[in-house]
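Enquirer: Take this structure first; my questions come after.
The values are calculated or read from the model by the stated rules, or taken from the named source; none is laboratory data. Please read all numbers here as calculations on a predicted model, not as lab measurements. So basically every Cβ, Gly included, is an ideal-geometry build from the backbone, and we count neighbours across all protein chains shown. Ligands, DNA and RNA are stripped out before the accessible areas are found, and what is left, the full protein with its side chains, is counted by its heavy atoms. Shrake-Rupley method; radii C 1.70, N 1.55, O 1.52, S 1.80 Å.
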Amino acid sequence: MYLKTIGEEEATGRVAEIYAREKTAIGLVMSATAAWTARPDMLAAWEEFFGRIRANFLLSKRYWRLITFIAAQHVPSTYCSTVYGRQLIDDLGSKSEVLRVQRDFRDAGLNARDVAMLAYAAKVTKDASQVVAEDIEALRAHAFSDMQISDIALCTSVRCFFSRFIDAVGAAPEPEFLDEDRAFREALALGRKV
């Protein structure tokens, strides 16, 4: 981490609560979480904002992970690509399938609905000003409601913001998130090298 942040041993109040909850849930406090404490008042605000988007996401966890993975590819974010790439192994069945999606989600054996969603997410990540009404109609044609489309846009946009922030302050994926398979690990390192 490039900036001074609050360590677990010095955390108090709301920061300590958030750290304790994360440690209970996943066994550690991620540097991506600690990064927010360079401005201690921001961690609770971020947790509430991000938590509300994620808790009320109208699509499946698989969709959240796919959107995040594609956004991470275009930011690029090694941290998010690493964490979500590993989570997608169970969703997609193998590391090779995860890498197929990374190479070209349009030709990775996903269904047409998944491809439409990821095409929109990629466009939002690359340049949201290029989104046009036809992009929304394409999603509606695949049975996405306007609220679901809003959720896709939120998931994608918040991932871009989050990924850029944690890279800007030097957060890096913890060893626990790094895959033992060197080739897979390196393929997921799309931005900063680990």
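Enquirer: Assign one of three labels to the range 79-124, namely rounded, prolate or oblate, based on the Cα gyration tensor with a ≥ b ≥ c the square roots of its eigenvalues; rounded applies when a/c is under 1.5, prolate when it is not and a/b is larger than b/c, and oblate otherwise.
Expert: In terms of gyration-tensor shape, oblate.
Enquirer: Once you have a ≥ b ≥ c as the square roots of the Cα gyration tensor eigenvalues for the range 119-194, tell me rounded if a/c is under 1.5, and otherwise prolate or oblate according to whether a/b is larger than b/c.
Expert: Because a/c hits 1.5 or more and a/b exceeds b/c, the range 119-194 counts as prolate.
Enquirer: Relative to the longest principal axis of the chain, what angle (0 to 90°, nearest 10) does the C-alpha long axis of helix 40-55 take?
Expert: Once rounded, the angle reads 30 degrees.
Enquirer: How high is the relative contact order of the range 1-82, given as a whole-number percent (alpha carbon pairs under 8 Å, six or more residues apart)?
Expert: Values: 45 pairs, mean separation 19.5, N = 82.
The value is 24 percent.
Enquirer: A further question on this structure: In the range 159-187, whose amide N lies under 11 Å from the spot 7 Å out along Cα-to-Cβ of Ile53? List them in ranges.
Expert: Hits in the range 159-187 for Ile53 at 11 Å: 159-164.
Enquirer: Counting only heavy atoms of the protein chains, get the accessible area per residue of the chain (1.4 Å probe) and round it to a whole Å² value.
Expert: Solvent-accessible surface per residue comes out at 50 Å².
Enquirer: Let me have the relative contact order for the range 36-143, percent, based on Cα pairs under 8 Å that are six or more residues apart.
Expert: This gives 21 percent for the range 36-143.
Enquirer: Near Gln73, within a Cβ-to-Cβ distance under 11 Å, what is the net charge of the other residues, with Lys and Arg +1 and Asp and Glu -1?
Expert: For residues surrounding Gln73, the net value is +2.
Enquirer: Right, another one. Under 28 Å between alpha carbons: how many lysine pairs meet that in the chain, if sequence neighbours fewer than 8 apart on the same chain are excluded?
Expert: 14
Enquirer: What part of the accessible area of the chain, given as a whole %, is carbon or sulfur when the probe is 1.4 angstrom? Walk me through the numbers on the way to the answer.
Expert: Working: 5230 of 9760 Å².
Using a 1.4 Å probe with all protein chains present, the chain comes out at 54 percent carbon and sulfur.
Enquirer: Quick one: helix 61-74 against the long Cα principal axis of the chain, what's the angle to the nearest 10°, folded into 0 to 90?
Expert: 90
Enquirer: Could you give the longest part of the chain that holds none of the trypsin sites (Lys or Arg not before Pro) found in DSSP loops with at most 16 neighbouring Cβ atoms within 10 Å?
Expert: For trypsin sites (Lys or Arg not before Pro) (loop position, at most 16 other Cβ atoms within 10 Å), the longest site-free span of the chain is 5-191.
Enquirer: State, as an integer percentage, the relative contact order of the chain based on alpha-carbon contacts under 8 Å between residues 6 or more apart.
Expert: Answer for the chain is 31 percent.
Enquirer: Of [x] 60, 49, 44; [y] 50, 38, 32; [z] 51, 37, 28, which one was derived for Cα extents along the principal axes in Å from the structure shown?
Expert: [z]
Enquirer: Size of the dipole of the chain about the Cα centre, Lys and Arg at +1 and Asp and Glu at -1 on the beta carbon, nothing else charged, in debye to 20?
Expert: With Lys and Arg at +1 and Asp and Glu at -1, about 220 debye.
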